[in-house]
1. On the given criteria, is residue 134 in contact (Cβ under 8 Å) with a residue 40 or more places away in the chain and open to solvent by 20 Å² or more (accessible area, probe 1.4 Å)?
2. Tally the residues that are under 14 Å from residue 223 (Cα atoms) and open to solvent by 30 Å² or more (accessible area, probe 1.4 Å), restricting the search to the stretch 24-41.
3. Can you report the number of residues in the stretch 70-97 which are of a type in the set (S, T, N, Q) and open to solvent by 30 Å² or more (accessible area, probe 1.4 Å)?
4. Taking the condition under 21 Å from residue 278 (Cα atoms), assigned to a helix (DSSP H, G or I), hydrophobic (A, V, I, L, M, F, W, C) and touching a residue at least 40 places away in the same chain (Cβ under 8 Å), does residue 50 pass?
5. In the stretch 186-238, what residues are of a type in the set (Asp, Glu) and at pLDDT 95 or above?
6. Give the residues of the stretch 79-118 that are of a type in the set (A, V, I, L, M), farther than 20 Å from residue 271 by Cβ and in contact with a Pro (Cβ under 6 Å, 6 or more places away or on another chain), sorted by residue number.
7. Those residues that are modelled with pLDDT under 80 and part of a helix (DSSP H, G or I), I need them from the stretch 239-270; list them, please.
8. So in the stretch 98-116, with the set limited to residues that are touching a helix residue (DSSP H, G or I) at 6+ places or on another chain (Cβ under 7 Å) and in a loop (DSSP other than H, G, I, E, B), which one is surrounded by the most Cβ atoms within 10 Å (Cβ to Cβ)?
Amino acid sequence: MHPVNWARFGLLAALWGCSFAFIKVSLDAFAPLQLAFGRLLVGALVVGLILAVSKGSFPQRKVWGHIGVASVFGNVVPFTLFAVGEQHTTATIAGVIQGATPLVTLGLAAVAIRTEKPTARKVTGLVIGFVGLIVVVGPWRTHGFGSIGGQLACVGAAVSYAISFVYLRRFISPYKIPALAVTAAQLTSAMVITGLITTFSIGWDLPGELTAGPLLSLLVLGGASTGIAFVLMNRLIADAGPTTASGVNYLVPVFSVIVGAAALGESVTWNVPVGGAVVIAALALAEGRLPLPARRATEAPAAAAVPPAPVPPAPEPTDRADRAEQTERTDRAQPVVAREVC
């Protein structure tokens, strides 16, 4: 991969990994739905501006129904659930749980997409990844990482992301629409839906004081971790391919753990890095980045390679009759050989 793409790769992982800390700080002033709307508003403006500069256009109206569904599962639900979850758990836990999204996607794709057949590698990766997720959540712990409800909200957000990825691939990808146009339409649709839900449910009265910290966090979350991050992801897919680009999910939990501990002072115990490493290894195994253990041959060695029995040489003709018979056999075989060669 080109060094420029490596730089994009690292920046994208950092933006997504830091987003959980931005969510945590923004919640000091905003309710989860308000935070989701503000994030989508800023992200849609950034991507829309890039689309206009690149002289692109929004998709045709016939696909907007599918884009609306994808925006609900890909933006409205996960953005809100992660905000709700981080009210009751840490940014570190939320980031590590998102690292399991590709594993959930593999499982859903195997069921919903005919070309994605469940293989032994994928099933093994899903099982190991589920074990790693349980280790991360640490249900035996009663303090330090918030409530199980908050962690389950983050799990629900990861599942919602997975549903949106599968839906996009099955119902929108066949239209061959440029990824930047789909992203702009998806963020715009999600912004409108979230704005309507917020207006008719909780309203716009802020639950906390709007200070510089929450406001700046919201702007960076929307402009960088949502808008610019989507553009970087699209460029990586175009330049390096979707398989390489998907590897960014390996680094998101790493950044979330580092930023959560350094910037927010969140505690990190053994189960978070250990469980995160298990999830990452399971994802690598399921995607074919790690080899499965080689199977030992069960057949007997003698039966594996049996040399062919030697063909005894034809006896030399002993008299004139034998020589005539051999010449006749040779003459009859010549036309057959000629037809095979031709």
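1. On the way: in contact (Cβ under 8 Å) with a residue 40 or more places away in the chain: yes; open to solvent by 20 Å² or more (accessible area, probe 1.4 Å): yes.
So residue 134 passes the test.
2. Residues in the stretch 24-41 being under 14 Å from residue 223 (Cα atoms) and open to solvent by 30 Å² or more (accessible area, probe 1.4 Å): 2 in total.
3. Residues of the stretch 70-97 of a type in the set (S, T, N, Q): 71, 75, 80, 87, 89-90, 92.
Imposing the further condition that a residue be open to solvent by 30 Å² or more (accessible area, probe 1.4 Å) reduces the set to 87.
Residues that pass the stated criteria total 1.
4. Working: under 21 Å from residue 278 (Cα atoms): no; assigned to a helix (DSSP H, G or I): yes; hydrophobic (A, V, I, L, M, F, W, C): yes; touching a residue at least 40 places away in the same chain (Cβ under 8 Å): yes.
Against the criterion (under 21 Å from residue 278 (Cα atoms), assigned to a helix (DSSP H, G or I), hydrophobic (A, V, I, L, M, F, W, C) and touching a residue at least 40 places away in the same chain (Cβ under 8 Å)), residue 50 does not qualify.
5. Within the stretch 186-238, the subset of a type in the set (Asp, Glu) is 205, 209.
Result: 205, single match.
6. Correct list: 83, 84, 110.
7. Within the stretch 239-270, 239, 240, 242, 243, 244, 245, 246, 247, 248, 249, 250 meet the criteria.
8. First pass over the stretch 98-116, keeping only residues touching a helix residue (DSSP H, G or I) at 6+ places or on another chain (Cβ under 7 Å): 98-110, 112-113, 116.
Among the residues that remain, those that are also in a loop (DSSP other than H, G, I, E, B) are: 99-100, 113, 116.
Values: 99: 27, 100: 29, 113: 12, 116: 18.
Residue satisfying both the conditions and the ranking: 100.
The values are calculated or read from the model by the stated rules, or taken from the named source; none is laboratory data. Everything numeric here is computed off the predicted structure, so don't read it as measured data. Methodologically, a virtual Cβ is constructed for each residue, glycine included, from the backbone with ideal geometry; neighbour enumeration extends over all protein chains shown. The area values use the complete protein model at the heavy-atom level, side chains included, leaving out ligands, DNA and RNA. Shrake-Rupley method; radii C 1.70, N 1.55, O 1.52, S 1.80 Å.
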